[in-house]
Amino acid sequence: MEAADLLHHTSRRFNEDLERVRSKVLAMGGLIEEQLSGALNALIDGDSRLGQSIASNDYKVNGMEVSIDEECSRILATRSPAAGDLRMVVATIKTITDLERIGDECEKIALIASRLANEQRPADRYREVKNLGRIAQVMVHNTLDAFARLDAELAITTARSDRTVDEEYESIQRQCITFMMEDPRMIRRALDVMWVVRSLERIGDHAKNVCEYVIYMVHGKDIRHTSLERVEQEIRGRAAP
Amino acid sequence: MSAGNWWATAAWVAFAVACGLLVGLPFGHPAVGGAAVLAVLLAWELRQLWGLQKWLHSDVPDGAPETGGAWGDVIGRIARLQRRKQYHKRRLLRLLRELRRSTAAIPDGVVLLNPQVEILWFNRMAARLLNLRPRTDIGLRIENLVRQPEFIRYLRHAEFALPVMLRGAAGAEQYLQVQIVPYGAGQLLMLVRDVTRQERLEAMRKDFVANASHELRSPLTVIAGYLETLSQEPGLDPTLAGPIAEMRRQSARMTAIIEDLLALSRLESVSGTVEGEIIEVAPMLEQLRRDALARSGHALDIRVQIQSPARLLGDETQVHSAFANLVDNAAKYTPAGGTITLRWWDDDAGGHLAVEDTGIGIATEHIPRLTERFYRVDAGRSRATGGSGLGLAIVKHVMQRHGGSLEITSQEGRGSTFTCHFPAERLSVPASAA
C-alpha cells in the first residue's frame, strides 16, 4: 500500500538519501532511549556519577538534531520531493524537534537524580516513578518502532498510552502532596520528584507528537488536535475496503 | 528405441497414405482418397496433441494419456522427466523445510543481513530477543529496529572480531550478546544470544567480592591493632616475639590483599572509560623510583628515561597504582645489582611506558595468564615476596579503563618488559614543546 511506496523510490540515490535520514533519526532515537534509561537508573539507584555523565551527554543529542536538520534542508533544496517523500521529510524535521526535547527532559531528570543521590532515598525507592518511567520508556520505544516500520496502527495505540502516563502523573502528584502535608521536611525532595514526574509526562507528550507525525507520514492526514478515536475510525475505514 | 518408434510411425503413415491412394485409384480420384486418409491421420494427431496438452496443464504426473507409437514415446519421456523433477523438488523442499526447522529451532537468534544491513531472514528466537515481526520486518534496516548506540557503532565500524553486549530495549532487564559474522558476497550473519543469566551471576560475583572484602577489613584492622600493641608490650615473653612479628607480617599482607581486592572491584564496578585529568608523568616516575629504592632491601639501579614531554590524561590515582604495581614487581623479581629502566615515550600510536628489568624473567607459557587474579608462576614465588597476586590484574583493568593495553614480553633468566600503551587521545602535549 502507501507504506510500501515510501520505502521504494524510482531514483536510487534519492532513496538512499531518505533512508540515511531515517536511519539517523532512529539512531538519535536509540541514543535518547539510552539517555532515558540511564537517567532513570541514576535516580532509582541513587548514582550521582551516572546522572552527571548522562546530563553531560545531551550535547550528542543536540548535535544529531542539527545534522539531521541540515540534511533535511539539503534534500528539500536539491531534490524538491513531492507527496509521500515530502511528507516524510517534513515529518522528520518535526520529529527531531520532539526527540531533542525528550533529550532535554532526560538531561533534567539526570541532573535532579544526581542531586537526589546525596539525600536519603525514600522507603519505596521511587517505585511509582520507576513504574511511570517504564511506561514512558516503552512508549518512546514503540514510537520509534512505529517510525521505523511506518506502522500507523502501532502509532495510534502508542499515542493512546499517553493517557496512562497522564493518569500516573496525576496519581503521583496527589501522593507527593500527601507526603508534603504529612511532613514538611519532605517538601524539597517531593518537589524534586515532582519535576522528574513532570519531565516524564512531557516525554509522553513528545512521544505522542511523534506518533502523530508517523500517522501523517503514512496516511497524509494531519491528526493533531483531533480525538484519537476519530482518527482511528477514519484510518480503519480507509484501510478496510 | 525412440528412433525405431518414429520410423515405425513414419512407415505406418506412408503405408496408410499409399492405401488411401490405392483405394481412390479405381474411382479415378486417388488424391481424394489420400486426402481423406491424411485428414483422419491429422485428426488423430490433433487428438493426441490435445490429450498431451490437457495432461501437461493438469499438473498431475500420473494422468499421462495412454497411447502408442512416437506419441506414446514422447509422452512417456515427458512423464518420466516430470516424475524426476517432482521427486527432486519434493526432496529439495523437504531438505529446505528441515533446514528451516533446524535453524528456527537454534536456541540463539539468527538474522541474515544483506550488505546494506537490510534484514533478509531471521529465526523465531531472533524475533523474540530483538522484537522483530515476522514477514513485515523483512527488508528493513536492522539498525532502525535495534537502535542501541553501541550496536550502531559496532555496525558502522564493521569490526566484527568481538561480540558486542547490548542492554535490552525499553528498560527491560535483559542483556544480549550480538556477534556479526560476514559471509558470502558482503552478506552478514548476526547471532544474538541472551546472556542475562550470566550477566546477573557476574554482577553477583562482583558484589560478593566487594562485600566480602569490605566485611573482612574491619576485623582485620582490630587484629592488626592489637598485634601492634602486643609487640610493644615491655613485659612480653621473648619466645612470643617471633610469632607475633610473623602474625603482624601476615596481617599486613592480608590487609594488602583486601585493599587490592577492593581496588579491583572499584575498577570493575564503574563501566566505560575514565574522564581525563592531566597527569605529569616525569615527576610520578621519579617518585616511584625513590619509593622503590627505599622499599627494596637490596641494591638496585633504577633509571628513569623521559623521552617525551607529553602528559597523560587519565585518573591519577589509578594510573599511579598501575605504574607502582609494575615498578614493585620489577623490584621484587630483580636480584641485587640488577637494572630497572622506566621509559616514557610517545609516537603516532600514542604514549607508552615501559618498565624493563634484568630480573629472573617469566616462562612464555605463563605470560598470557599473568593478569589473572591470584595466578602464580610457581607457588613459592609470590608468597615469598609477599605479593597479593592481584597487582597485574589491577594494571590490566586500569589500562582497559584508559582505553589502552598492557604488553608483556619476557625471557627467562634475562628479564621482563611490561609496557603500558595509551591511545593518542590520552596524550596532552604542552604548548611550549609542540
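Please treat every number below as a calculation from the coordinates, not as lab data. Owing to the predicted nature of the structure, the values given are computational and were not obtained by experimental measurement. With ideal geometry, Cβ positions are generated from the backbone for all residues, glycine too; neighbour counts draw on all protein chains shown.
The fewest-to-most ranking of A:Trp195, B:Trp71 by surrounding Cβ atoms within 10 Å reads A:Trp195, B:Trp71. Ranked by the mean number of other Cβ atoms within 10 Å per residue, highest first, peptides B:246-252, A:50-56, B:190-196, A:165-171 order as A:50-56, B:190-196, A:165-171, B:246-252.
Computed from backbone phi with θ = phi - 60° and the Karplus coefficients 6.51, -1.76 and 1.60, the 3J(HN,Hα) list for the stretch B:121-134 is 6, 8, 8, 5, 5, 4, 4, 6, 6, 9, 6, 8, 9, x Hz; x is used for glycine and proline. Put a plus charge on the Cβ of each Lys and Arg, a minus charge on the Cβ of each Asp and Glu, and nothing anywhere else: the dipole of the stretch B:106-194 about its Cα centre is then about 180 debye.
Return one number: the angle in degrees, 0 to 90 and rounded to the nearest 10, between the long axis of the Cα atoms of helix B:391-401 and the longest principal axis of the Cα atoms of chain B. Once rounded, one gets 60 degrees. Placing unit charges on the Cβ atoms of the charged side chains and taking the dipole of chain A about its Cα centre, the candidate lying farthest along the positive direction among A:Gly46, A:Ala82, A:Gly29 is A:Gly46.
When only alpha carbons are used to place a centre, the stretch A:60-85 and the stretch A:157-177 end up 34 Å from one another. Counting beta carbons within 10 Å around each of A:Arg198, A:Arg22 and listing the fewest first gives the order A:Arg198, A:Arg22.
Computed from the C-alpha gyration tensor, the three semi-axes of the ellipsoid equivalent to the stretch B:276-434 are 26, 17, 14 Å, from longest to shortest.
Peptide B:139-152 shows a mean partner chain C-beta count of 6 within 10 Å per residue C-beta. Where the only charges are on Cβ atoms (+1 Lys, Arg; -1 Asp, Glu), what is the dipole of chain A about its Cα centre, to the nearest 20 debye? The calculated dipole for chain A is roughly 120 debye.
Assign one of three labels to the stretch B:106-194, namely rounded, prolate or oblate, based on the Cα gyration tensor with a ≥ b ≥ c the square roots of its eigenvalues; rounded applies when a/c is under 1.5, prolate when it is not and a/b is larger than b/c, and oblate otherwise. Because its axes are fairly even, with a/c under 1.5, the stretch B:106-194 counts as rounded. Within 10 Å of the Cβ of each residue in A:32-43, the mean number of Cβ atoms contributed by other protein chains is 2. Over the protein assembly as shown, the pair-distance histogram of Cα-Cα distances with 20 Å bins from zero comes to 13, 31, 27, 15, 8, 4, 1, 0 percent, rounded to whole numbers. When the stretch B:2-101 is described by a simple charge dipole with +1 on each Lys and Arg Cβ and -1 on each Asp and Glu Cβ, the residue from B:Ala16, B:Val37, B:Gly72 located farthest towards its positive end is B:Gly72.
Quick check: the angle from helix B:238-269's long axis to the longest principal axis of chain B, C-alpha only, nearest 10 degrees? Between the helix axis and the principal axis of chain B, the angle is about 40 degrees. Note on the stretch B:255-377: dipole from Cβ charges, positive end direction compared against B:His352, B:Ala299, B:Phe374; the farthest Cα belongs to B:Ala299. For the pairs A:Lys108/A:Lys208; A:Lys108/B:Lys396; A:Lys130/A:Lys208; A:Lys24/B:Lys396; A:Lys24/B:Lys206, note any where the Cα-Cα span goes beyond 31 Å. The answer is A:Lys108/B:Lys396; A:Lys24/B:Lys396; A:Lys24/B:Lys206.
A simple packing score, the average count of other Cβ atoms within 10 Å per residue, orders the peptides B:295-306, B:232-243, B:410-421 as B:410-421, B:295-306, B:232-243, with the highest score first. Taken one residue at a time, the phi angles of the stretch B:369-375 give Karplus couplings (6.51, -1.76, 1.60, θ = phi - 60°) of 9, 4, 8, 6, 5, 6, 6 Hz. Gly and Pro are set to x. Relative contact order, whole percent, for chain A stands at 25, derived from Cα pairs under 8 Å and 6 or more residues apart. Among residues other than B:Pro309 with Cβ under 12 Å from its Cβ, the summed charge is -1 (Lys and Arg +1, Asp and Glu -1). When the Gaussian network model of chain B links Cα atoms closer than 10 Å, the mean-square fluctuations of B:Ala16, B:Ala330, B:Ala245 top out at B:Ala16. Put in line by how crowded their Cβ is, counting other Cβ atoms within 10 Å and starting with the fewest, B:Ile258, A:Ile109, A:Ile96 read B:Ile258, A:Ile96, A:Ile109. Highest mean first, the peptides B:101-107, A:210-216 sorted by other C-beta atoms within 10 Å per residue fall in the order A:210-216, B:101-107.
Using the Cβ of B:Thr358 as centre and a radius below 15 Å, the other residues enclosed give a net charge of 0, where K and R count +1 and D and E count -1. Neighbouring Cβ atoms from other chains, within 10 Å of the Cβ of residues in A:137-147, number 3 on average. Distances between placed amide hydrogens fall under 5 Å for B:Val110 paired with B:Asn123, B:Met125, B:Ala126, B:Val192, all partners being 5 or more residues away or on another chain.
With charges set only on the Cβ (+1 for Lys and Arg, -1 for Asp and Glu), what does the dipole of the protein assembly as shown come to about its Cα centre, in debye to the nearest 20? About 2580 debye.
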